[in-house]
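Asker: My structure is below; once you've seen it, I'll send some questions.
The values are calculated or read from the model by the stated rules, or taken from the named source; none is laboratory data. Note that the structure is a prediction, hence the values are computed from the model and not measured. Because the Cβ atoms are built from the backbone with ideal geometry, glycine has one as well, and the counts that use them run over all protein chains shown. Accessible surface areas use protein heavy atoms only, side chains included; no ligands, DNA or RNA. Shrake-Rupley method; radii C 1.70, N 1.55, O 1.52, S 1.80 Å.
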Amino acid sequence: MISKKKFGTTVTAFGVAAGMLLSSAAPAHAEETAKTVQETQKEQADAPSTQSETENENAEKTIALAEETEKPGEETAASSDETAASTEDPETPDPAEDPTPSETPEDPTPSETPEPTPSETPTPTPSETPEPSVTPEPSETPTPTPSETPAPTETPVPTETPTPTPTETPKSDETQADDWIQTIDYGKYISAMKKDLRAGFAQIDKTYAYAKVDTKLNVRESGSTSARIVGTLPAKALCFVIADADQEWVYIESGDVRGFVRTDYLQQGKEALEYVTSTGEDQMKLADQIIDPSENEAFNYKKETIYEVKTSTGNGIITFAKQFVGRPYVWGGNSLTDGIDCSHFVWQILTRCGAYDGEYTTSDGWRSLGTEVTSLDEARTGDVICYNGHVALYDGEGKIVEALNEKAGITCNRPVDCDTILTIRRFAADDEIGGTNAEKIWNYFLMHGFTKEGAAGIMGNIANEASTDLNPTLLEYGSTSRTSLSGEQYTNLVDAGIISRDEVIRSARFGLYSGGRYGYGLCGFTDPTIKEYLCRYTIDLGKSLGSLSGQLDSLLAYLNDYNPNLLDRLKNAEDVDTAATSFMREYEKCANQGTQQKLRTTAAEQIYNVMESYDSPVDVE
């Protein structure tokens, strides 16, 4: 965008590049460290140490670091099953061998290496040391002259060995960009993005329960003791009843674990409510996951959840609504299971699916809400169909789901044109189709007439502005450091009105750059004019500032008003690199464009290759 950049993938890239540069410069830094140890702890050790001892210490430290790196994997594996958990626990102390740091006091022994050096033939070693150009070598250099140690750290030693040659830190921006590009695999990140498995679910009220056991309670994939165990509830762990509360097997949800538990071992009702209230929901444990939710067949048993549903598609609305077909109609009723009328039915469905957050209204009131759809030909799944004194939901296939009358109850078989249609209103977030952010952005651009090349070109820039996970709530790194606010926290504060619209645009409180600007969102929105558009298409329309579709709407609206030529070229792009470069130069206008062009075109190409194999529901001519 229009300022000095920033965060996201650029930060990731700097981290990666720094790691690469530090690893190549390790011998030089190690020499300085060794020298410091010699000088400060010179007189603390009595026994001489050899070069092999120093190498052994370095090897032990390397192994310790490797063990620490592998620990997260061990912890994940530990939840694989009940016996595995107990087996893994004893292994965790392995890193306890990491007390190798306790050997660091012996490091002073290198300081004594100068005294017994004759026994190690140190005098000829300078010619041999280039082979092990590791930490030990500097410990011998002090024998000739301690002042000469800095000299080897510059170039002589590294130039003789192929490994240290990267210590020539002065690299051009383009060379560093090449290093980063080889390290960051954007295609891998896009392919591995976690899908929102609750997309299309409806949010329901919490019904508390907890595991009435002393050890742990198995959560199974179906209501049978022979069914696969998908997770476990520790003693008195919290869960929420989703369905079948009065059955032998109750369907529950606890974190990402969804499945069936025996009702005998589950405390429900008033006792559970009192216990959770007195203990504190946030103080109670949740279920331990054994099977990945994407492989758990019980996960979609009921498309309801107690967790927040941020968006819902038209298909999600209709899928949820059809669950209640056959339930009774009651005039003035408001219960999806015990009786409801037409207007309450539409209100309950849209509210629970997260598509509408307003107050209840009558069938007449629905005519002025949402976005107007001009004709039945333009109607989509989940749209609200308004008749005279009646309202229903369109299933997208020529029929409606409705609370019809006392005789029929809730039905789904009448044609949409069964009566005169007064208006059609849209509430569904169908601009966010897909299971991951990458899929949603890709589908958005295709729906708005972009070629795949144009979509990938923009996404290559987004991957560098909003990090590889294409996070629409990302706040500039400098601002998060200064304020200790995460991007999600900042978004919530804006949505709640605690951070004002003017602050979002002017960036007075959290800005770090000239003019007090800070970047936020998919494109690192920074310029006040661009942020004005961002607010218009998000919070001004009742959407979250972090709304993915709202941010993309603001981007297209801005381009349409300020650079329609670029917008047209992106929509008709035939080359990924050209699209990525044009968007960077004419919209992002970032610093270091030579370096950034390589990063962004590479990202765009990798994203294009991954998304080409994605079976998008959006038709592209």
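Asker: Among the residues of region 336-347, write down those that are modelled with pLDDT of 95 or more and assigned to a loop (DSSP other than H, G, I, E, B).
Answerer: D341 - this is the single residue of region 336-347 that is modelled with pLDDT of 95 or more and assigned to a loop (DSSP other than H, G, I, E, B).
Asker: Also, I was wondering about something else. Of the conditions (1) touching a residue at least 60 places away in the same chain (Cβ under 8 Å); (2) open to solvent by less than 70 Å² (accessible area, probe 1.4 Å); (3) closer than 17 Å to A438 by Cα, G550 clears all except one; give me its number.
Answerer: It is condition (1) that G550 fails.
Asker: Within region 581-621, can you find the residues that are open to solvent by 50 Å² or more (accessible area, probe 1.4 Å), in a loop (DSSP other than H, G, I, E, B), touching a helix residue (DSSP H, G or I) at 6+ places or on another chain (Cβ under 7 Å) and under 19 Å from L567 (Cα atoms)?
Answerer: V620 - this is the single residue of region 581-621 that is open to solvent by 50 Å² or more (accessible area, probe 1.4 Å), in a loop (DSSP other than H, G, I, E, B), touching a helix residue (DSSP H, G or I) at 6+ places or on another chain (Cβ under 7 Å) and under 19 Å from L567 (Cα atoms).
Asker: Separate question: So the check is Cβ under 6 Å with 6+ separation or different chains; which pairs have a first residue in region 516-527 that's touching a residue at least 60 places away in the same chain (Cβ under 8 Å) and a second one that's polar (S, T, N, Q)?
Answerer: R517/S3; R517/S507; R517/T526; G519/T526; L522/Q551; T526/S3
Asker: With the requirement that a residue be part of a loop (DSSP other than H, G, I, E, B), within 17 Å of L404 (Cβ to Cβ) and in contact (Cβ under 8 Å) with a residue 40 or more places away in the chain, what does region 309-335 give you?
Answerer: Residues of region 309-335 part of a loop (DSSP other than H, G, I, E, B): 309-313, 323-328, 330-333.
Of the ones still in play, those that are also within 17 Å of L404 (Cβ to Cβ) are 323-328, 330-333.
Scanning region 309-335 gives F324, V325, G326, R327, P328, V330, W331.
Asker: Residues of region 417-441 being more than 35 Å from the chain's Cα centre (by Cα) and buried (at least 21 other Cβ atoms within 10 Å of the Cβ), which ones?
Answerer: Within region 417-441, the subset more than 35 Å from the chain's Cα centre (by Cα) is 417-424.
Across region 417-441, the qualifying residue is only I424.
Asker: Would you mind finding the one in S368, S363, S375, S343 that is open to solvent by 60 Å² or more (accessible area, probe 1.4 Å) and among the polar types (S, T, N, Q)? Explain how you work it out, then say what you get.
Answerer: Working: S363 fails: open to solvent by 60 Å² or more (accessible area, probe 1.4 Å); S375 fails: open to solvent by 60 Å² or more (accessible area, probe 1.4 Å); S343 fails: open to solvent by 60 Å² or more (accessible area, probe 1.4 Å).
Of S368, S363, S375, S343, the one residue that is open to solvent by 60 Å² or more (accessible area, probe 1.4 Å) and among the polar types (S, T, N, Q) is S368.
Asker: Taking the residues in region 235-278 that are among the polar types (S, T, N, Q) and without any contact (Cβ under 8 Å) to a residue 12 or more places away in the chain as candidates, determine which candidate is farthest from Q203 (Cα to Cα).
Answerer: Pass one, region 235-278, residues among the polar types (S, T, N, Q): 247, 254, 263, 267-268, 277-278.
Subsequent filtering for residues that are without any contact (Cβ under 8 Å) to a residue 12 or more places away in the chain retains 277-278.
Details: T277: 21, S278: 25 Å.
Looking at the filtered set, the residue picked out is S278.
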